[in-house]
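All remarks here apply to the structure that follows.
The values are calculated or read from the model by the stated rules, or taken from the named source; none is laboratory data. Every value quoted in this text rests on a predicted model; they were computed, and no experiment measured them. Counting neighbours? That spans all protein chains shown, and the Cβs are built from the backbone with ideal geometry, glycine included. The area values use the complete protein model at the heavy-atom level, side chains included, leaving out ligands, DNA and RNA. Shrake-Rupley method; radii C 1.70, N 1.55, O 1.52, S 1.80 Å.
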Amino acid sequence: MTAADPTAADQELMARAIRLAARGLFTTDPNPRVGCVLVQAGDVVGEGWHRRAGEAHAERIALAAAGPRARGATAYVTLEPCCHQGRTPPCTQALIEAGVATVHCAMVDPNPLVSGQGLAALRAAGVQVWTGLLEAEARGLNPGFIKRMSNGLPYCRCKLAASLDGRTAMASGESRWISSEFSRLDVQHLRARHSAIVTGVGTLLGDNPSLNVRLTAADLPGMEPGEPVRQPWRVVVDTRLRTPVGARLLGLPGITVIACSAPADQRRVSQLEMAGARVKQFPDHHGLVDLRALMNWLADEEINEVLLETGPILAGAALTGGLIDELILYLAPHLMGDGARGLFQLPGLEHMEHRIPLVINDVRRIGPDLRLLLRPGTAGAR
C-alpha cells in the first residue's frame, strides 16, 4: 500500500531513519545506505543503520536494540527489507520473527533479487506494509546503487574548477591552483563518498595527480575515530597505454585501473601491472576508449558512484555521450583570459539550437568560490 496521509510523526520518524542512513555515506559501498527506526506506543525502542558490506543490516541492528519491545512495533525503514540470503541473512524474516506489526518503507529496492518480493513476504506473514513515505529523500541517499541496479551504469558526477571566464588551465597547461583551499577540501569529501575516480591520461601526464582521499575518519561524519578510510578506485582512461610506470597514483594503496583500447602491448601491460596497475582493454570508439563500455564494466564491478576529474576532451565526450548525471563546478573569482583552456571540448556546436542545456540545482559559497551543482536538462527547464 502507498502511504496515505502520513502523520507528522510518521514523517519525522522516517526523516530520522534517513538521517541514520546518511551516517553510512562513506562506508557502506557497494551496498545501499539504509536506516531503520522501531517505534512502540510512540517511543523509539530501537534504531540502526547499515555501516559496511558484510555487517548487519539496519533492520537487524534496530531489532537487536529493541529486543522484546519489537513485538507489535512499527518499523520505519528507508529501503525495502531484503528477502534473500546475501552476505547476511534476509531482514524480512527477522522482522517477521520479531513480531513487528507494521512497516513503513520509503522506497522499493531496485535490486531484482529483492524488488517487491521483500514487501510481499511481509504482507504474506500478516505485516501491514506502507510505501512511499519520503521516497524522494530516500532515493537521494543512493543514486549510484539505484542507477546501477536499474540501468547497469554507475551514477556519474563530473567535478570541474574554473575561473569566472570558464577556464580550467592556462595555455601552457598550468592549473594549480584555480580554486581555493576551501574548495579543495570540499573535493576531498566528494572523493570519499565515491566508489571510483576517473581521469584521462592527459590530466595524468600534465598534473601527475594522486586521486586519493587524504582525510581521516575524524573528518568524515558517521565514521569512528581511527577507522580506515576507504580509497575509491582510481581509473585512468589511457587509449594507448601512455601512463608512466612512475606515476604517483600507481604507488598508492587501493586499486588503480588503466583503461585502454589500443591492441595491448604485453610488455607494456606487464610493466604497468608490476607498478601496481590493473590493465583492462575496452572497445574503441572513434579512436578513444568506449566510455559507455567502461561505465558498464564499472557497474558490473559494483561501482555505484563515479567522480570524473579530468580535462576538456574526456569531460566533453562523457557529457555528449549522456554519461554525466551531475556537474559540480567550482567557480573562482578571477579571470584567466581567452588563451586559456576551457571546461569542455564540444565540437559541432555552431548554432544556438545546438546548445547543451543544464539545470542549476544548487548554488553555495565555498570560501571565496562559488559551487554550482547542475544536471543535464531540457531547454527552458527550471
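Determine which residues of the range 275-291 fall in the zone a paramagnetic label at ARG248 would reach in this model, i.e. backbone nitrogen under 20 Å from the point 7 Å along Cα→Cβ.
Correct set: 275-278.
Over the Cα atoms of the chain, what radius of gyration and what Dmax do you get, in Å?
My reading of the Cα-based Rg and Dmax gives 23.0, 70 Å.
Which shape class, rounded, prolate or oblate, goes with the range 226-293 when its Cα gyration tensor gives a ≥ b ≥ c as root eigenvalues, a/c under 1.5 marks rounded, and past that a/b bigger than b/c marks prolate?
Verdict is oblate for the range 226-293.
Karplus couplings for the range 145-160 from phi (6.51 cos²θ - 1.76 cosθ + 1.60, θ = phi - 60°), rounded to Hz, Gly and Pro as x?
4, 5, 5, 4, 6, 8, 10, x, 9, x, 7, 10, 10, 10, 9, 9
Restricting to DSSP loop positions (anything but H, G, I, E, B) with no more than 16 other Cβ atoms inside 10 Å of their own Cβ, which GluC sites (Glu not before Pro) remain in the range 260-366?
Taking the range 260-366 and a limit of 16 other Cβ atoms within 10 Å, the loop GluC sites (Glu not before Pro) found are GLU301, GLU302, GLU350.
Using 1/(1 + (r/R0)^6) with R0 = 35 angstrom and r between the beta carbons of GLU97 and GLU301, what's the FRET efficiency to the nearest 0.05?
After rounding, the FRET efficiency stands at 0.50.
Rounded to the nearest percent, how much of the accessible area of the chain (1.4 Å probe, protein heavy atoms only) is carbon and sulfur?
C and S fraction of accessible area: 53 percent.
In degrees between 0 and 90, to the nearest 10, how far off the longest principal axis of the chain does helix 181-193 point, with axes built from Cα atoms?
Once rounded, the angle reads 50 degrees.
According to the square roots a ≥ b ≥ c of the eigenvalues of the Cα gyration tensor, what is the shape class of the range 319-358, taking rounded for a/c under 1.5, prolate for a/b larger than b/c otherwise, and oblate for the remainder?
Values: a/c = 2.18, a/b = 1.31, b/c = 1.66.
Oblate, because a/c is 1.5 or more while a/b does not exceed b/c.
Would you please name the trypsin sites (Lys or Arg not before Pro) within the range 299-369 that are DSSP coil residues with at most 13 other C-beta atoms within 10 Å of their C-beta?
Those satisfying the criteria are ARG355.
For the range 1-133, what does the alpha-carbon gyration tensor say about shape, rounded, prolate or oblate, given a ≥ b ≥ c as the root eigenvalues, a/c under 1.5 as rounded, and a/b over b/c as prolate?
rounded
Which far-off residues, 5 or more places away or on another chain, put their amide H under 5 Å from the one on ARG234, with H placed in the peptide plane?
So ARG234 has HN proximity to ILE197, ILE255, THR256, VAL257.
Assigning unit charges at the beta carbon (Lys, Arg +1; Asp, Glu -1) and nothing else, what dipole magnitude in debye, to the nearest 20, does the chain show about its Cα centre? Mind showing how you got there, number by number?
Values: 39 positive and 38 negative charges, 115 e Å.
So the magnitude is around 560 debye.
Can you give me the C-alpha center-to-center distance between the range 271-298 and the range 1-80, rounded to a whole angstrom?
Centre-to-centre distance over Cα atoms comes out at 40 Å.
Within the P(r) computed for the range 136-288, what percentage of the Cα pairs occupies the region above 19 Å?
Details: 7315 of 11628 pairs.
Of the Cα pairs, 63 percent sit more than 19 Å apart.
Obtain the nm distance between the two label points defined at ALA136 and SER210 by a simple spin-label model: each point lies 7 Å from its Cα along the Cα-to-C-beta direction.
Roughly 3.9 nm, to one decimal.
Collect residues whose amide H, placed 1.01 Å from N in the peptide plane, falls under 5 Å from the amide H of LEU308; neighbours closer than 5 in sequence don't count.
So LEU308 has HN proximity to ARG157, CYS158, LYS159, VAL198.
If you roll a 1.4 Å probe over the heavy atoms of the protein chains, what accessible area per residue do you get for the chain, in Å²?
About 46 Å² of surface per residue is accessible.
Report, to the nearest 10°, how far helix 8-21 tilts away from the longest principal axis of the Cα atoms in the chain, using its own Cα long axis and a range of 0 to 90°.
50
If each of ALA218 and TRP177 carries a label point 7 Å out from its Cα toward its Cβ, how far apart are those two points in nm?
2.0
Taking N as the number of residues in the range 249-372, what is its Cα Rg relative to 2.2 N^0.38 Å?
So the range 249-372 has a normalised radius of gyration of 1.30.
Residue-wise, which Karplus ³J(HN,Hα) couplings in Hz belong to the range 320-331, taking 6.51 cos²θ - 1.76 cosθ + 1.60, θ = phi - 60°, and x for glycine or proline?
Computed from phi, the couplings for the range 320-331 are 5, x, x, 9, 9, 8, 9, 10, 10, 10, 9, 9 Hz.
Out of PRO32, PRO357, PRO143, any idea which swings most in a Gaussian network model of the chain, alpha carbons joined below 10 Å?
Among PRO32, PRO357, PRO143, the largest GNM mean-square fluctuation belongs to PRO357.
Rounded to the nearest 500, what is the 222 nm mean residue ellipticity of the chain from helices alone, with -39500 (n - 2.57) per DSSP H run of 4+ residues and division by all residues? Could the numbers behind the result be given before it?
Details: 11 runs with 101 residues, N = 382.
The per-residue figure over the chain is -7500 deg cm²/dmol.
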